[in-house]
Amino acid sequence: MMRTHTCGELRADQLGQEVQLAGWIRFSRDHGGVLFFDLADTYGTTQAVFDPEAMSRKDVRESLERMLKSFGRESVISVAGVVRNRVPGTEDPRNPTGQLEVLIEDACLLNSSRSLPFEVADQKGSLLPSEDLRLKYRFLDLRRTQMANNLRFRHRVVAALRRALDDRDFVEVETPMLCRQTPEGARDFIVPSRIAPGTFYALPQSPQLYKQMLMVGGMDRYYQVARCFRDEDSRSDRQPEFTQLDLEMSFVDDRDVQTVVEGVLSSMWRSIYGRELKAPFPRVTFHEAMHSYGTDAPDIRYGLRLHDVTDIVKNARYEIFQRILGKGGRVVCMNVQADLMNGAGGEEGAVGRNEVDRLIEWAKAQGMGGLTWMRMTADGLQSNIVKYFPTEVTAALQTEMGAREGDLLLFLAGSEIAALKAGGELRRKLARDLRLTEGKDHQFVWLVGCPLFQKDSESGQLEPFHHPFVCPEKGEVEGEDPICVGGLSYDLVLDGSEIGSGSVRCHDPEVQRKVFRLLGMSDEKIDNDFGFFLDALGYGAPPHGGIALGLDRLTAILLGCDTIREVIAFPKNKKFQSLMDGCPAKVEEGKLSELQLLCLAGDEEDGD
Ligand code: ASP
């Protein structure tokens, strides 16, 4: 046996016992000949002490001392000794083993460590090495308590979700990694076939088609902790492979799926936090989300709602507004209420004149012409431009915005979508600056009432708002302008981030074909790409629907991490490289020729 206890296990019960521990030397120090070691493993840290005075046999003492002094940081050792209380005054109350120490009687080196690229012992965030260095040596980074805790927390979340689904009769089914393309709106990762040269598999962007096939197969309730692959342009908080909790159910409508998800998340909440999650979750329509929160992933934990005040301010002689309104633009307004600003003090609250000037600069950097403001005083709305606004206009503004003394009104003008999106960004910025979510509980929201299609901004071609398998709201796409057709889809939003997306599906192959046609696909292409799928729907596909929750993002939000990379054991960096094992990497020519891909490698060489 290499150890009798872990490094996080010893308590007063073990006082006086002979124990053996194994772990990594996180710290060591020599206090006048007495050697102290912080011996760590994933369960905790225990102090081990070598005290020469406590050893009677000189030869044993000297050889043990020599050996202990030769151990470097992060060497992995095992020590045997007796548990005793630490010297009074030297206890560490933050450490559960901090009352005790092990008096070393024997030790052995299990493996030594090379000199370290960075300090593994926990440090404040600012002292962390660069992320790329952490990722190159992820195996060391994972020894840090923070990372170990993140992975453990993630495990607990996933385990609780699995239990909750199991209780509800869901069956976990694995679906293929090598598949035909699953159009989820991103590019596919392609895998060449050696046996059939010139043909390719794709890695799944999600198990979408397979889970629908499982419903056709009568599975009724399916789930999977599924890895998904999307060859997107590297964006700061995306990963080319990520994990979804994917589920699908038969004989359900949109509300049924939402109720199950609420139940599953509530069970998880109870198991993780020991308290109830408020359900049903509030539902916000896509229209309200865009118009009141300036985003399709609203954070409703604070106000700062947007109001379209175009009809009120059109009568002002304010040139900037007039110019924008003349081009068909809109003006949106937000009331930063005095009590929201009080936290940080100052006569005008936290958003004084200087802060307003900074917000104006910020709005310009967002591509807006600027930002107009008015402050509510005992004498009504005041600002350097209020003279251009007739009294009826300011009075109507006050009423619309519910302005009270001390409140600050902020206006953004531009095309409708630009003004709303900038308003959404401004909400987020103010919430951060004024710390409006501090101390607030997490908040789930359903986003519902999304359209089935949207138009590509350049070509004007219809494209799916979510993906092409969403069932139209009325079960049919005919007889209406397609852009006005609603979809039976729903997104799950947590604290202002989308963490899930799902829908009721087209189970009628004819409706599904019409959707494909509206997306600009010829019947030939439909049959070529989706013939197998339409065929399957034709064999009595039950009405069905489902959802996928992004497990990386869910865990990151619950832990308050800035990026999903903090909750993934081996993530790619921002350029989608794996620095630890060095990929993507070149492949030997022999391998490429086996796959008949050599010409591609040759082309690349020519281009160099
Ligand atoms: N497959 C979809 C996605 O990955 C989720 C769903 O509709 O269930 O976004």
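The values are calculated or read from the model by the stated rules, or taken from the named source; none is laboratory data. Bear in mind the structure is a predicted one, so any value in this text is a computation, not a measurement. In this analysis, Cβ positions are derived from the backbone assuming ideal geometry, glycine residues included, and neighbour counts consider all displayed protein chains. Just so you know, the surface numbers come from the protein's heavy atoms only, side chains and all, with ligands and any DNA or RNA stripped out. Shrake-Rupley method; radii C 1.70, N 1.55, O 1.52, S 1.80 Å.
See the values below:
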{"quantity": "Scan of the range 149-162 for residues that are exposed (fewer than 15 other Cβ atoms within 10 Å of the Cβ) and not small (Gly, Ala, Ser), ordered by number", "calculated": "149, 152, 155, 156"}
{"quantity": "Index of the failed condition, residue 165 passing every other in (1) closer than 30 Å to residue 55 by Cα; (2) touching a Lys or Arg at 6+ places or on another chain (Cβ under 9 Å); (3) open to solvent by less than 60 Å² (accessible area, probe 1.4 Å)", "calculated": "(1)"}
{"quantity": "Matching strands (runs of 3 or more DSSP E) fully within the range 1-72 where at least 2 residues are hydroxyl-bearing (Ser, Thr, Tyr)", "calculated": "44-50"}
{"quantity": "Flag if residue 84 is open to solvent by 70 Å² or more (accessible area, probe 1.4 Å), assigned to a helix (DSSP H, G or I) and over 30 Å from residue 150 (Cα atoms)", "calculated": "no"}
{"quantity": "Criterion: polar (S, T, N, Q) and at pLDDT 95 or above - qualifying residue of 126, 112", "calculated": "112"}
{"quantity": "Filtered residues of the range 217-231 (kept if of a type outside the set (A, V, I, L, M) and more than 13 Å from the ligand (Cβ to nearest atom))", "calculated": "217, 218, 220, 221, 231"}
{"quantity": "Residue within the range 412-433 that is open to solvent by 40 Å² or more (accessible area, probe 1.4 Å) and closer than 30 Å to residue 526 by Cβ present", "calculated": "no"}
{"quantity": "Filter pass, residue 191 being at pLDDT 95 or above, surrounded by fewer than 19 Cβ atoms within 10 Å (Cβ to Cβ) and either of a type outside the set (D, E, K, R) or farther than 25 Å from residue 498 by Cβ (or both)", "calculated": "yes"}
{"quantity": "Close pairs (7 angstrom Cβ cut-off, 6 or more residues apart or separate chains): on the phi > 0 side of the Ramachandran plot in the range 132-153, of a type in the set (Val, Ile, Thr) and buried (at least 18 other Cβ atoms within 10 Å of the Cβ) anywhere", "calculated": "none"}
{"quantity": "Qualifying positions in the range 183-216 - under 23 Å from residue 239 (Cα atoms) and more than 12 Å from the ligand (Cβ to nearest atom)", "calculated": "187, 188, 189, 190, 191, 192, 200, 201, 202, 203"}
{"quantity": "Selected residue [within 15 Å of the ligand (Cβ to nearest atom), over 24 Å from the mean Cα position of the chain (by Cα) and small (Gly, Ala, Ser)] from 487, 475, 479", "calculated": "487"}
{"quantity": "Given (1) in a loop (DSSP other than H, G, I, E, B); (2) open to solvent by 50 Å² or more (accessible area, probe 1.4 Å), index of the condition residue 403 fails", "calculated": "(2)"}
{"quantity": "Neighbours by Cβ (under 7 Å, 6+ apart or cross-chain): first from the range 442-469, more than 15 Å from the ligand (Cβ to nearest atom); second open to solvent by less than 50 Å² (accessible area, probe 1.4 Å) and aromatic (Phe, Trp, Tyr)", "calculated": "444/281; 445/281; 449/286; 451/465; 453/465; 454/465; 462/453"}
{"quantity": "Tabulated pairs, the range 474-496, first over 20 Å from residue 520 (Cβ atoms), second open to solvent by 60 Å² or more (accessible area, probe 1.4 Å) and in a strand (DSSP E or B), C-beta under 6 angstrom, 6+ apart or interchain", "calculated": "491/498"}
{"quantity": "Qualifying positions in the range 237-260 - within 11 Å of the ligand (Cβ to nearest atom) and touching a Phe, Trp or Tyr at 6+ places or on another chain (Cβ under 9 Å)", "calculated": "242, 245, 246, 247, 248, 249, 257"}
{"quantity": "Residues (basic (Lys, Arg) and either at pLDDT 95 or above or farther than 30 Å from residue 119 by Cα (or both)) located in the range 137-171", "calculated": "138, 143, 152, 154, 156, 162, 163, 168"}
{"quantity": "Given (1) open to solvent by 50 Å² or more (accessible area, probe 1.4 Å); (2) away from the ligand (no atom under 14 Å from the Cβ), number of the condition residue 553 does not satisfy", "calculated": "(2)"}
{"quantity": "Test: residue 560 is free of Cβ contacts under 8 Å to residues at least 24 places away in the same chain, surrounded by fewer than 21 Cβ atoms within 10 Å (Cβ to Cβ) and within 30 Å of residue 262 (Cα to Cα)", "calculated": "yes"}
{"quantity": "Given (1) closer than 28 Å to residue 241 by Cβ; (2) surrounded by fewer than 17 Cβ atoms within 10 Å (Cβ to Cβ), number of the condition residue 535 does not satisfy", "calculated": "(1)"}
{"quantity": "Qualifying residue in the range 496-503 (condition: more than 12 Å from the ligand (Cβ to nearest atom) and in contact with a Phe, Trp or Tyr (Cβ under 9 Å, 6 or more places away or on another chain))", "calculated": "yes"}
{"quantity": "Index of the failed condition, residue 309 passing every other in (1) under 23 Å from residue 169 (Cα atoms); (2) in contact with a helix residue (DSSP H, G or I) (Cβ under 9 Å, 6 or more places away or on another chain); (3) away from the ligand (no atom under 16 Å from the Cβ)", "calculated": "(1)"}
{"quantity": "Matching residues, the range 465-476, being farther than 20 Å from residue 550 by Cα and surrounded by 21 or more Cβ atoms within 10 Å (Cβ to Cβ)", "calculated": "471, 472"}
{"quantity": "Residue in the range 132-148 that is closer than 23 Å to residue 79 by Cα, among the charged types (D, E, K, R) and surrounded by 13 or more Cβ atoms within 10 Å (Cβ to Cβ) present", "calculated": "yes"}
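Here's the yes/no breakdown for (1) within 24 Å of residue 262 (Cα to Cα); (2) at pLDDT below 95; (3) out of contact with any strand residue (DSSP E or B) (no Cβ under 6 Å at 6 or more places or on another chain):
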position: 480; (1), (2), (3): no, yes, yes
position: 484; (1), (2), (3): no, no, yes
position: 489; (1), (2), (3): yes, no, no
position: 500; (1), (2), (3): yes, no, no
position: 503; (1), (2), (3): yes, no, no
position: 513; (1), (2), (3): no, no, yes
